[in-house]
1. Consider SER70 carefully, then state whether it is within 11 Å of the chain's Cα centre (by Cα) and modelled with pLDDT under 95.
2. In segment 61-71, is there at least one residue being part of a helix (DSSP H, G or I) and touching a residue at least 24 places away in the same chain (Cβ under 8 Å)?
Amino acid sequence: MNIHTTESDRGFVKFEKLKDNFDWFYSNYDELKMEYNLQYVAVKEKRQIDNDYDLERLLKRLNLYNCDESIAIEYVNN
């Protein structure tokens, strides 16, 4: 049996991971806003991996400019 992973399959997996990370973010929003209010929060594999008040600084630190990782980034605002 020959198993081929197509580009669309990989894209779907990345989309599902991204969706899971956003779902985790919003299901943990109350806890996140207590600690990270007015900050951008990065979530990968359903856990908070970084945060910053400045989005550009966060992106540089995560090196996401040319990356297609499924990292969710959202702004926490009380």
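The values are calculated or read from the model by the stated rules, or taken from the named source; none is laboratory data. Only a predicted model underlies this, so the values are computations on that prediction, with no experimental measurement involved. Cβ atoms come from the backbone with ideal geometry, glycine included; neighbour counts cover every protein chain shown.
1. Values: within 11 Å of the chain's Cα centre (by Cα): yes; modelled with pLDDT under 95: yes.
So SER70 passes the test.
2. Of segment 61-71, the ones part of a helix (DSSP H, G or I) are 61-62.
Remaining after also requiring touching a residue at least 24 places away in the same chain (Cβ under 8 Å): none.
Looking for residues that are part of a helix (DSSP H, G or I) and touching a residue at least 24 places away in the same chain (Cβ under 8 Å), one finds none in segment 61-71, hence no.
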